[in-house]
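*Asks:* Handing you this structure, nothing more for now.
The values are calculated or read from the model by the stated rules, or taken from the named source; none is laboratory data. The structure presented is a predicted model; accordingly, all values stated were derived computationally and were not measured. Positions of Cβ are generated from backbone atoms using ideal geometry, with glycine treated the same way; all protein chains shown enter the neighbour counts.
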Amino acid sequence: MSWKKFIENYTNYLKLERCLAQNSVENYTRDINKVADYFQEKHPKTLPAMMTPTQLLQLIYDVVKAGYSERTQARLISTIKSFCKFLVSENYRKDNPSEFLESPKISRKLPNTLTLKEINDIIHSIDLNEPEGKRNRVILEVLYGCGLRVSELIQLKFSDLHLQEDLISVLGKGNKRRLIPVNQHCKMLMENYIENTRSTITPKKRHEDFIFLNRRGEKLSRVMIFTLIKNLAAKAGISKPISPHTFRHSCATHLLERGADLQVIQQILGHESIITTELYTHVTAEKLRETILKYLPERVTIDPAENALKTL
């Protein structure tokens, strides 16, 4: 069986057995194709069922030597481990050649966040007289007000709305559903958009249930949301790098700063582990540190008694 056939079977395994989201499947498939290219160049006679630990170690060594970041290395190793686990589970081989591969330790980067003023500036930069203006405003309000991932936003359907109960149902990572509360402001904007704007769009076939459509009646793409936010941020005069995920980070950070329970934030964001949510405590702690250093007066004089203690 060729590398191509192994990868086709692996892709189906990711979809059907592991129930991964489409983006995750695409990322894993892209990375394992790179592994296949490497083996076909360096070890043309070696198929997945024949890979050795030494060959995999050499691959990682070559990746490190080429100067790829630790994050890229870790992602590639994760893909290799996943692929080898698939080979064993499907009885293509009995041993796991990736067993001794270790991912590099990656320092966790604090997420970029926006202040409430910056969020308002971006939202107010939207021209509501433009055809997509009201839609774009609701998109940003939902991203921030509900803490959604961009993939969750573009998949949002009418059947997911439970606005009478102030809730929406979201399909997150691993095809896991969660209920998210909707504040009254966001609820009012969504209802107004659906009644007065979305109802005027003729959706294309198989796009009828999606809430956010482009002018052609098709579901929005991730790229369109990224481009929208980039343009609006520039229009609002915000130079820091932001993305749709920045609104999600900002939602979590602002909730935590205002006293929300960490486990509640975990449920809203759909984090599988509380450790991921705890990252936002570091963001808040960093802001507290900056505030203390900026505003706490320095002691420019030393108490005589304090000075005497130092000489003991």
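*Asks:* Please find, within the range 50-105, the residue that is nearest to T11 (Cα to Cα) out of those that are more than 26 Å from the chain's Cα centre (by Cα) and acidic (D, E). First the steps, then the outcome.
*Replies:* Going through the range 50-105, the residues more than 26 Å from the chain's Cα centre (by Cα) turn out to be 50-59, 61-62, 65-66, 87-100.
Those left that are additionally acidic (D, E): 62, 90, 95, 99.
On the way: D62: 25, E90: 13, D95: 21, E99: 21 Å.
Top of the filtered list is E90.
*Asks:* Collect the residues in the range 198-223 that are without any contact (Cβ under 8 Å) to a residue 12 or more places away in the chain and of a type in the set (A, V, I, L, M), keeping them in residue-number order.
*Replies:* V223 - this is the single residue of the range 198-223 that is without any contact (Cβ under 8 Å) to a residue 12 or more places away in the chain and of a type in the set (A, V, I, L, M).
*Asks:* Determine if the range 93-108 includes at least one residue that is in contact with a helix residue (DSSP H, G or I) (Cβ under 9 Å, 6 or more places away or on another chain) and assigned to a strand (DSSP E or B).
*Replies:* Scanning the range 93-108 turns up no residue that is in contact with a helix residue (DSSP H, G or I) (Cβ under 9 Å, 6 or more places away or on another chain) and assigned to a strand (DSSP E or B).
*Asks:* Within the set of pairs 6 or more residues apart or between chains, which connect a residue that is free of Cβ contacts under 8 Å to residues at least 60 places away in the same chain and in a helix (DSSP H, G or I) inside the range 173-197 to a residue that is surrounded by 12 or more Cβ atoms within 10 Å (Cβ to Cβ) and of a type in the set (S, T, Y) with Cβ atoms less than 9 Å apart?
*Replies:* What qualifies is C186/Y144.
*Asks:* Which ones in the range 231-251 are surrounded by 15 or more Cβ atoms within 10 Å (Cβ to Cβ) and either among the acidic types (D, E) or within 26 Å of N192 (Cα to Cα) (or both)? Don't jump to the end; show me each part of the working.
*Replies:* Pass one, the range 231-251, residues surrounded by 15 or more Cβ atoms within 10 Å (Cβ to Cβ): 232-233, 236, 238, 242-251.
Of everything in the range 231-251, those that are surrounded by 15 or more Cβ atoms within 10 Å (Cβ to Cβ) and either among the acidic types (D, E) or within 26 Å of N192 (Cα to Cα) (or both) turn out to be L232, A233, A236, S243, P244, H245, T246, F247, R248, S250, C251.
*Asks:* Kindly list the number of the only condition in (1) surrounded by 13 or more Cβ atoms within 10 Å (Cβ to Cβ); (2) within 26 Å of P241 (Cβ to Cβ) that fails for A66.
*Replies:* (1)
*Asks:* Inside the range 234-258, can you point out the residues that are assigned to a helix (DSSP H, G or I), more than 13 Å from T113 (Cα to Cα) and among the small types (G, A, S)?
*Replies:* Within the range 234-258, A234 is the sole residue that qualifies.
*Asks:* Would you confirm, using the coordinates I've provided, whether S125 is closer than 30 Å to T202 by Cβ, surrounded by 15 or more Cβ atoms within 10 Å (Cβ to Cβ) and of a type outside the set (A, V, I, L, M)?
*Replies:* Spelling it out, S125 is indeed closer than 30 Å to T202 by Cβ, surrounded by 15 or more Cβ atoms within 10 Å (Cβ to Cβ) and of a type outside the set (A, V, I, L, M).
*Asks:* Given V170, V142, which one is of a type in the set (A, V, I, L, M, F, W, C), surrounded by 18 or more Cβ atoms within 10 Å (Cβ to Cβ) and in contact (Cβ under 8 Å) with a residue 60 or more places away in the chain? Before the answer, list the steps.
*Replies:* Values: V142 fails: in contact (Cβ under 8 Å) with a residue 60 or more places away in the chain.
The match here is V170.
*Asks:* In addition: Check off (1) under 17 Å from R135 (Cα atoms); (2) at pLDDT below 75 for M224 and give me the number that stays unchecked.
*Replies:* (2)
*Asks:* From the list L114, L143, pick out the single residue that is closer than 30 Å to R258 by Cα and outside any loop (DSSP other than H, G, I, E, B).
*Replies:* Going through L114, L143 in turn, just one is closer than 30 Å to R258 by Cα and outside any loop (DSSP other than H, G, I, E, B): L143.
*Asks:* Here's a follow-up. Go through the range 30-49 and count every residue that is surrounded by 18 or more Cβ atoms within 10 Å (Cβ to Cβ) and not aliphatic (A, V, I, L, M).
*Replies:* Adding up the residues that qualify gives 3.
*Asks:* Give the residue that is farthest from the chain's Cα centre (by Cα), with candidates limited to residues of the range 1-32 that are within 18 Å of A74 (Cβ to Cβ) and polar (S, T, N, Q).
*Replies:* If we take residues in the range 1-32 being within 18 Å of A74 (Cβ to Cβ) and polar (S, T, N, Q), then T29 is farthest from the chain's Cα centre (by Cα).
*Asks:* Would you say Y61 is farther than 13 Å from I32 by Cα, without any contact (Cβ under 8 Å) to a residue 60 or more places away in the chain and assigned to a loop (DSSP other than H, G, I, E, B)?
*Replies:* No; evaluated as a whole, the condition is false for this residue.
*Asks:* Outside any loop (DSSP other than H, G, I, E, B), within 26 Å of the chain's Cα centre (by Cα), modelled with pLDDT under 95 and loosely packed, with under 13 Cβ neighbours inside 10 Å: does that describe S159?
*Replies:* yes
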